[in-house]
1. Restricting to segment 3-34, name every residue that is touching a strand residue (DSSP E or B) at 6+ places or on another chain (Cβ under 6 Å) and at pLDDT below 90.
2. Looking for something under 11 Å from the mean Cα position of the chain (by Cα) and not in a strand (DSSP E or B) - is there at least one such residue anywhere in segment 14-36?
3. Return the residue satisfying two criteria in turn: it lies in segment 1-12 and is surrounded by 12 or more Cβ atoms within 10 Å (Cβ to Cβ) and over 10 Å from the mean Cα position of the chain (by Cα), and of such residues it is nearest to residue 50 (Cα to Cα).
4. Quick one: would you say residue 37 is in contact with a helix residue (DSSP H, G or I) (Cβ under 6 Å, 6 or more places away or on another chain) and either at pLDDT below 90 or surrounded by 13 or more Cβ atoms within 10 Å (Cβ to Cβ) (or both)?
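The values are calculated or read from the model by the stated rules, or taken from the named source; none is laboratory data. This is a predicted model, so every value here is computed, not measured. For neighbour counting, all protein chains shown are included, and Cβ atoms are generated from backbone atoms with ideal geometry for every residue, glycine included.
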């Protein structure tokens, strides 16, 4: 999955980007649960499956 697709899915879940983190990463926040996670923002690269699984458990 690429970042753009992940961004669409996060928004459908009600998540919002909070701010730019170090380098090419963003901090996303889900208001319903008040949880935050860091998502890599490499527009054209695939995000590794392990990264997606790890981040999804935090939202």
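1. none
2. Scanning segment 14-36, I find at least one residue that is under 11 Å from the mean Cα position of the chain (by Cα) and not in a strand (DSSP E or B), so the answer is yes.
3. The qualifying residue nearest to residue 50 (Cα to Cα) is 1.
4. Taking the combined requirement at face value, the residue satisfies it.
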